[in-house]
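What follows is a set of notes on a single structure, which appears directly below.
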Amino acid sequence: MKVPFLNFAPMHSAIRPQMVGAFEEVYDSYWYIMGEKLKSFEREYAQFNQVSDAIGVSNGLDALFLSLKALGIGKGDEVIVPSNTFIATLLAISSVGATPVLVEPDLKSYTLCPSNVEKALTGHTKAIMPVHLYGQACEMDRIMDIAKANKLVVVEDNAQAHGASFKGKLTGSWGDLNATSFYPGKNLGAIGDGGAVTTNHAGLADEIRMLRNYGSKIKYTNEVQGHNMRLDELQAALLSIKLRYLNDWTQQRNQLASWYNQALADLEEITIPYLHPRASHSYHLYVIRTKRRDELKNKLLENGVETLIHYPIPPHLQKAYAYLGYKSGDFPIAEELASTSLSLPIWSGMTQHEVAYIAEQIHSFFKK
Ligand SMILES: *Cc1c(COP(=O)(O)O)cnc(C)c1O
């Protein structure tokens, strides 16, 4: 049997007629940037995310960058971020000229640890960026309390967790400005790059709208030095269609995760994902951990199963961030996760049979 890490075929063939119809509609409208499709998608995504405003932008990194910029974060400011995140979270911070301050995640949930955030606070701290890593919501109530007590702003990195929630409140609706990504492989993926900022602050939403479009509210009138970081009509139209299925797809991912959990629970050699009792999970990734990660990865590949590693090198050991002065051993949890994590295939349309096959391969690996 062959199981790819990700297979768009079942998801995309099921909605093909609608997607092609939307393409033709935009193609024939002769209006490709900042039109009705974007407006509709923004309204629908705001409703989905239970916020007042969603602003479509070019990608997830730009959504993070614009959020920090709109909040006035810049040179001399410190931004707290988990040590095990995807590099884009840090790139946004350094792009506005601020300093990323890394803190270790919770070892069980892999999400931002509130007590470590408290320990990292200094007089320069301006913002906290929780990352709902792999799709699990962070402990947002405690994080918001810390922010409030210390007059900090919060920007959620919600690129992996569309539709997840903590204590019933959706990720992307807690922070001041929150960023998400519609990169094709994300749970809500465009047919190209895309992203959005979500917020309940109308004023900040206007600021993002201006910044993404040359710093202009009225054409050829520029209030600030902005950017060209827009979501185009075609992507917006296609995303509107996919959004209608997102809850179903998330449910499917949860079902696949529970099949994996059942099939792998008895293996002492691996750690299966932990779900915080008050959090929900979008299972963007299903990540297991084992000391024999590389061997297991090879064995699975030999037997037709593609896996990936999220992420093999933690940000503090990346050459790009050498100037921060961190060294190997500074973040033992992030380093441990980087050397033991393995992401198994999980995608809409994947079958119980395929999960069982992968679990069987993992069992037979540890039996020898
Ligand atoms: C994908 C991702 C991003 C960046 O999104 P892009 O659309 O690829 O720029 C940021 N943060 C996290 C956690 C991601 O997974």
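The values are calculated or read from the model by the stated rules, or taken from the named source; none is laboratory data. Just so you know, these numbers come straight off a predicted model, no measurement behind them. We place every Cβ from the backbone using ideal geometry, glycine too, and count neighbours over all the protein chains shown.
Here's the yes/no breakdown for (1) assigned to a helix (DSSP H, G or I); (2) surrounded by fewer than 20 Cβ atoms within 10 Å (Cβ to Cβ):
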position	(1), (2)
291	no, yes
294	yes, yes
299	yes, yes
312	no, yes
323	yes, yes
327	no, yes
333	yes, yes
339	yes, yes
342	no, no
List every residue pair whose Cβ atoms sit under 7 Å apart, with the two residues 6 or more apart in sequence or on different chains, where the first one lies in the range 11-40 and is among the small types (Gly, Ala, Ser) and the second, anywhere, is assigned to a helix (DSSP H, G or I).
22/237; 22/238; 22/241; 35/233; 40/240
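Among 256, 275, which is the only one that is surrounded by 14 or more Cβ atoms within 10 Å (Cβ to Cβ), of a type outside the set (Gly, Ala, Ser) and outside any helix (DSSP H, G or I)? So that I can check it myself, show each step before the final result.
Details: 256 fails: outside any helix (DSSP H, G or I).
Every option except 275 fails the conditions.
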Which of the residues belonging to the range 175-193 are in contact with a strand residue (DSSP E or B) (Cβ under 7 Å, 6 or more places away or on another chain) and either more than 10 Å from the ligand (Cβ to nearest atom) or part of a loop (DSSP other than H, G, I, E, B) (or both)?
175, 176, 177, 178, 182
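Going by what's in this entry, would residue 293 be described as closer than 27 Å to residue 188 by Cβ and among the basic types (Lys, Arg)? If you could, list the steps in order and put the result at the bottom.
On the way: closer than 27 Å to residue 188 by Cβ: no; among the basic types (Lys, Arg): yes.
No, not satisfied.
Out of 357, 321, which single residue is in contact with a Pro (Cβ under 7 Å, 6 or more places away or on another chain) and more than 15 Å from residue 109 (Cα to Cα)?
Working: 357 fails: in contact with a Pro (Cβ under 7 Å, 6 or more places away or on another chain).
Matching residue, one of 357, 321: 321.
Out of the residues in the range 34-48 meeting the condition of being in a helix (DSSP H, G or I) and of a type in the set (A, V, I, L, M), tell me which one is farthest from the chain's Cα centre (by Cα).
Start the filter on the range 34-48 by keeping residues that are in a helix (DSSP H, G or I), which leaves 36-48.
Of the ones still in play, those that are also of a type in the set (A, V, I, L, M) are 38, 46.
Details: 38: 21, 46: 17 Å.
Among those residues, the one meeting the criterion is 38.
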Considering only the range 181-201, state which residues are under 21 Å from residue 126 (Cα atoms) and either polar (S, T, N, Q) or more than 17 Å from the chain's Cα centre (by Cα) (or both).
198, 199, 200, 201
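Please specify each residue of the range 159-171 satisfying the condition of being of a type in the set (S, T, N, Q) and either more than 9 Å from the ligand (Cβ to nearest atom) or assigned to a strand (DSSP E or B) (or both).
Of the residues in the range 159-171, the ones of a type in the set (S, T, N, Q) are 160, 165, 171.
Once the filter is applied, which keeps residues that are of a type in the set (S, T, N, Q) and either more than 9 Å from the ligand (Cβ to nearest atom) or assigned to a strand (DSSP E or B) (or both), the range 159-171 yields 165, 171.
Listed here are the residues, each with its yes/no results for (1) surrounded by fewer than 21 Cβ atoms within 10 Å (Cβ to Cβ); (2) without any contact (Cβ under 8 Å) to a residue 24 or more places away in the chain; (3) in a strand (DSSP E or B); (4) charged (D, E, K, R).
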residue	(1), (2), (3), (4)
81	no, no, yes, no
119	yes, yes, no, yes
151	yes, yes, no, yes
173	yes, no, no, no
Quick test for you: out of 286, 245, pick the one residue that is at pLDDT 95 or above and either closer than 25 Å to residue 103 by Cβ or crowded, with 20+ Cβ neighbours inside 10 Å (or both).
286
Taking first residues from the range 201-219 that are at positive phi and second residues anywhere that are β-branched (Val, Ile, Thr), the pairs with Cβ under 8 Å that are 6 or more apart or on different chains are 215/224
How about the range 236-253: which of its residues are assigned to a loop (DSSP other than H, G, I, E, B) and either touching a Phe, Trp or Tyr at 6+ places or on another chain (Cβ under 6 Å) or without any contact (Cβ under 8 Å) to a residue 40 or more places away in the chain (or both)?
244
Given (1) farther than 23 Å from residue 137 by Cα; (2) aromatic (Phe, Trp, Tyr); (3) touching a strand residue (DSSP E or B) at 6+ places or on another chain (Cβ under 9 Å), where does residue 286 come up short, assuming only one miss?
(1)
Under 7 Å by Cβ, and 6 or more places apart or on different chains, what pairs join a residue from the range 51-78 that is more than 16 Å from the ligand (Cβ to nearest atom) with one that is among the acidic types (Asp, Glu)?
70/207; 71/176
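I'd like the full set of residues that are part of a strand (DSSP E or B), β-branched (Val, Ile, Thr) and away from the ligand (no atom under 16 Å from the Cβ), limited to the range 121-149.
First pass over the range 121-149, keeping only residues part of a strand (DSSP E or B): 125-128, 131, 136.
Now restrict to residues that are β-branched (Val, Ile, Thr): 125, 128, 131.
Scanning the range 121-149 gives a single hit, 125.
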